[in-house]
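The values are calculated or read from the model by the stated rules, or taken from the named source; none is laboratory data. These numbers were taken from a predicted model, which means no experiment stands behind them. As a convention, Cβ positions derive from the backbone with ideal geometry for all residues, glycine included, and neighbour counts pool all protein chains shown. Note: areas computed on protein heavy atoms with side chains; ligands, DNA, RNA excluded. Shrake-Rupley method; radii C 1.70, N 1.55, O 1.52, S 1.80 Å.
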Amino acid sequence: MRPVKHLIPEFERLKTRLPPGHDATLLLPCLRRIQEDRGYIDNSDIDGLAEYLGVPRIQIEEVLSFYSMLRRRPIGRWHLQVCRNVSCSMRGAEWLLEHLSERLGIGPGETTADGRFTLSTVECLGACGTAPVLMVNEVYHENLGTADLDALIARLD
Ligand code: FES
């Protein structure tokens, strides 16, 4: 078994929750766990998971290309994800993105040279009522104004 080998005991425990013959439904939780472990999902992880679950590699690639929260390459310590969907756009998401780009010196999809920040844009984060929304790693920051944003960035080491 390839690099996912050390996670197999955890995957096996997940399997016990499923009816027999439904192993492929573990794909998403396994990918999330691999990402937690490595920080991203490497090609070798895909090969290992395909072998473990007995699914075609293309099935894993399809899942990876659909879910923006699953990453194929390393990112910075702080992942700043700006929602650019309708509600957030109407309430200042473009400004938020521009401000972050200027302050960090990077554009969407880029990581600062010191590896601290990666900036991304995402579709609706499901918090439209408190737009604009910025997600930092797993935490939502809502109703952001200039002062809030600057204070937030200053707190991230
Ligand atoms: S549009 Fe941004 S959270 Fe829904």
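Comparing 147, 113, 50 in a Gaussian network model of the chain, where Cα atoms under 10 Å apart are tied by springs, the biggest mean-square fluctuation is seen for 147. Cβ distances below 4.7 Å define possible disulfide partners, and in the chain the cysteines left without one are 30, 124, 128.
Computed over the chain, relative contact order equals 19 percent, with contacts defined as Cα pairs under 8 Å that lie 6+ residues apart. Measuring nothing but protein heavy atoms, the accessible surface of the range 5-66 at 1.4 Å probe radius is 54 percent carbon and sulfur. Computed over the chain with a Gaussian network model linking Cα atoms closer than 10 Å, the most mobile of 62, 142, 123 is 62. Classify the range 110-157 from the C-alpha gyration tensor, please: rounded if a/c falls under 1.5, else prolate or oblate depending on whether a/b exceeds b/c. Oblate shape, in that a/c is at least 1.5 and b/c is the bigger or equal ratio. Among the protein heavy atoms of the range 78-156, carbon and sulfur supply 51% of the accessible surface, probe 1.4 Å, non-protein parts ignored.
Accessible area per residue for the range 78-156, computed on protein heavy atoms with a 1.4 Å probe, is 50 Å².
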